[in-house]
Structure formats: C-alpha cells, structure tokens
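Peer 1: First the structure, then my questions, so here it is.
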Amino acid sequence: MYLAESRSAKAPAAPGTRPGRRAAAAAVPGTVLALGTVSLITDVSSEMVSAVLPLYLLTGLGLSPLGFGLLDGIHNGVGALVRLLGGHLADRGGDGRGTGRHKLVAGLGYGLSALCKPLLLLVHSVPLIGAVLAADRTGKGLRTAPRDAMISLATDPEHRGRAFGVHRAMDTAGALLGPLAAFGVLRLAVDGYDAVFAVSGCVAVLGVLVLVLFVPGRQPRAEAGPPAAAPSLRDALALLKLPDLRRLTLCAALLGLTTVSDSFLYLLLQRRLGLATDLFPLLPLGTAAAFLLLAVPLGALADRIGRRRLFLAGHGVLLLAYGLLLGPVSGGPAACCVLLLHGAFYAATDGVLAAAAADAVPAEQRGAGLALVGTGQALARFACSLAFGAAWSAIGATAALAWAAGALVLCVAGAARVLRSPEEAAA
C-alpha cells in the first residue's frame, strides 16, 4: 500500500498520478518497509513466547502473581536500562549528520534475542528463566533506539507520524501472527511449550537475516549539516537539558507508572471470562488486530493535530479499557471492547511518542534521544509491574486495577500540564 520512491525527487510524476497518493508513497521510504519486515518476523517469534509465558509460569511452574510481576518487570525493565547504551553506541562512529552505526547495533540486539529463544528449552527454574528473559530484553533494549533512529532519519519530518505508524502496523502484524502460531503449536505438539520455544528461535534467526540482507546501513535522508565529533555518553545524558525532550521524558515516565502490563490485563480478562487455558494465547490477537488497523491512520492524524495531543488522548482510551474491566458488563462483547481499546491505546502512543521525540533531538544524537524517552517510560512500567503484582497478591486483582485506574486519571492530568510549553502555561 505504501511504496518507497527512492527517485521521487528526480523523476516527475507520471501522467494521471494523483499528488496526494504520490506524497503518501514518498512519505514511507524503503528503509521503513525493510525495518517493518524485520520487526514483523521478529515479533512473530517474540509473541509466540509472550503468548504462552504467563500460563507457563503461573500454571506450569506454580509462580505467584507477585513472582510473575517481578519476572514481568525484569522482562521490561532490563531492556530499558540497556536502551540508553544501545542509543549511545548507535550514534557513535558516524559522520555527525545522523549516519552512525545504527544497523550494526540493531543487528547485535536482534541476534542476542534470537539466541535466547532456544535457551528456554534448557531452563526450568524461575531464576534461570529470569536470566534468559533479562538477556532477551537486553537484545530488545540494544535494538529499539537504533531502529527508531533509522526510521526517523530516513523520513521527512512532516511524515514521521505516518512512517512510524506503518512500521508499527507491520510490527503488529507479527504480534497478530505470533499468538496464532503459538496456539497452533500447542494444539499440534505433544511437548507444547518446548515446541513453541523451538519454533520461535527459528523464526527469530530469519528476522536477523532479513536485517543483514535488506536494510541499508546509511540512511538516504540523513539530515545535512557540518560534520561533528562523535557524541560522548555525557553528551547523551545532557540531552535532558533540551526542554522539549525533558518534558516528553517526564510525561512518558509519569504515564508509564499507571500502565498495567499486557500480561496482567490478559490474565484479568481470562479469569473474568473463565476461558480455557489453551485459549489464553488468543487474547493478544484482539489488541494486535486493533493496533494493526489503527496504527497508520492514527500516525497520520498525529502529523496533522499534534503528536503530543494524540499521545495523551491514547491514555484516555486506556482508562476506558480499565473502566470496562471494572464495570458490571461481562462476556465476549465486553472482552472484545477491552481488547479494541487496548489496541487503540498502543496505536495512539507507541510510534507517536517516538515521532514526537525525534522532533526534539538533533540528528547526530537521534538514537540517544529516543533511548532516553523510551527508557523513562520502560522503567516506569517496570515499577508498575512490581506494584501491580504486589497489589494483586495483597488486595486482589479488581481492587488493584481500580487503584491503577484512579492513578491514571491523576497522571493524565499531570502529564497534560507537563507537556504545555511555557508560552501556553502563561496564556
């Protein structure tokens, strides 16, 4: 649907070509499509594991909700800490115009995650599984900022919302296929969980090969400017002195503190509906389908109405999902609505936040700037996983979600004030 036009700046439009359609095509370069393909394949692998992991840990290994919250936090928090390193390493070794070692660092991250999938076949205790998950998230942390930097550097600024939307839609197509693949493997294989982990590892290797063969190392739209010295780690941390980036990072962290992890949300749905355990891997499909359908239109909408405004609105949608889970309505229709709202939340926030952060960071430090925002958000979600798991164990799942919903209302209000520019605040 969105085709890259590498020669659009030189060749005139073909007779009968509509300018709007040509502009939409040019808005999404080939680099974005190649990275989207890598993410699609990798997400099939990752979501195969994520779809079965909660039940594997809670029913197979007898882990408590608090213990699962700890592991789920590790699953997200470790990658957040490494993300800063990944962004910094990707920016170094370039020419000062945003053409650093983004592909190399991203490739290392994808490769590390691919190696971790088969290791789940060999470990059967909670500490060892936690170590493997930490290594897997280390790989994700290394690759996320360089990948998003490549997307932003390859795309014109006015089209970044759309480009990130296209990438996230392709990424989410993998998230949609992953649980389906896990469901099929569980149905067909005798040793279901081990078979899921083995197939996941093979798919992850394919994603690494696509990255190596089809993603260009140098971005064609890297922003022009005089060469500059490679940024140091201190320079990366000093990016928080930029007012726009500081406000975005604080806002992402504040809202991340009240974002209940996907795994907990699916467990709440499964227990409320009384679904059989072999149907649990299908729950993420609702979120992924909504994300897939809405990522591109909401990304384009963010380009028109403002990325920060849509980011806040997305958390309002998440609050509606919490409200439905807490309300008296139950059954299949209510579950479908919760999953639809959950997917809309991701479509309005995930790529939109990355596009907004790219606007606030110079090209030569794009990886580090995106990593700072993503790290603040991920560390906050790590804290939320720990707190929600403890609250579930202490006061029950429903009460814990009610507290999270109340906190989200306060955080959305606080984030709206944080994102206001000094001129808007004085008005």
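None of the figures in this text is laboratory data; all of them are computed from the coordinates on show. Just so it is clear, the model here is predicted, and its values are computed rather than measured. Cβ atoms come from the backbone with ideal geometry, glycine included; neighbour counts cover every protein chain shown.
Peer 1: Starting with the highest mean, order 264-270, 183-189 by the number of other Cβ atoms within 10 Å, averaged over the residues of each peptide.
Peer 2: 264-270, 183-189
Peer 1: Remind me, relative contact order of the range 232-383 in percent, using alpha carbon pairs under 8 angstrom and six or more residues apart? It would help to have the intermediate numbers written out before the result.
Peer 2: On the way: 154 pairs, mean separation 63.5, N = 152.
Normalised by residue count, the contact order of the range 232-383 is 42 percent.
Peer 1: Using only the Cα atoms of the range 281-427, each taken as one equal point scatterer with no solvent, compute I(q) by the Debye sum, divide by I(0), and report log10 of the ratio at q = 0.20 Å⁻¹.
Peer 2: Calculated log10 I(q)/I(0) at the listed q: -1.42.
Peer 1: While we're on this one: Please work out the ratio of the alpha-carbon Rg of the range 341-427 to 2.2 N^0.38 Å and round it to two decimals.
Peer 2: Scaled against compact globular proteins, the figure is 1.35.
Peer 1: Would you order 47, 158 from fewest to most other beta-carbon atoms within 10 Å of each residue's own beta-carbon? Walk me through the intermediate numbers first.
Peer 2: Numbers: 47 25, 158 11.
By the 10 Å Cβ count, ascending, the order reads 158, 47.
Peer 1: Where does each of 150, 170 land when they are ranked from fewest to most other beta-carbon atoms within 10 angstrom? Could you put the intermediate results ahead of the total?
Peer 2: Working: 150 31, 170 23.
Ascending number of Cβ neighbours within 10 Å: 170, 150.
Peer 1: When only Cα pairs under 8 Å and 6 or more residues apart are kept, what is the percent relative contact order across the range 99-161?
Peer 2: Values: 50 pairs, mean separation 29.6, N = 63.
Computed over the range 99-161, the figure is 47 percent.
Peer 1: Still on this structure, I have one more. Taking only the alpha-carbon positions of the range 98-194 and ignoring solvent, what does the Debye formula give for the base-10 log of I(q)/I(0) at q = 0.18 Å⁻¹?
Peer 2: Debye output, listed in q order: -0.99.
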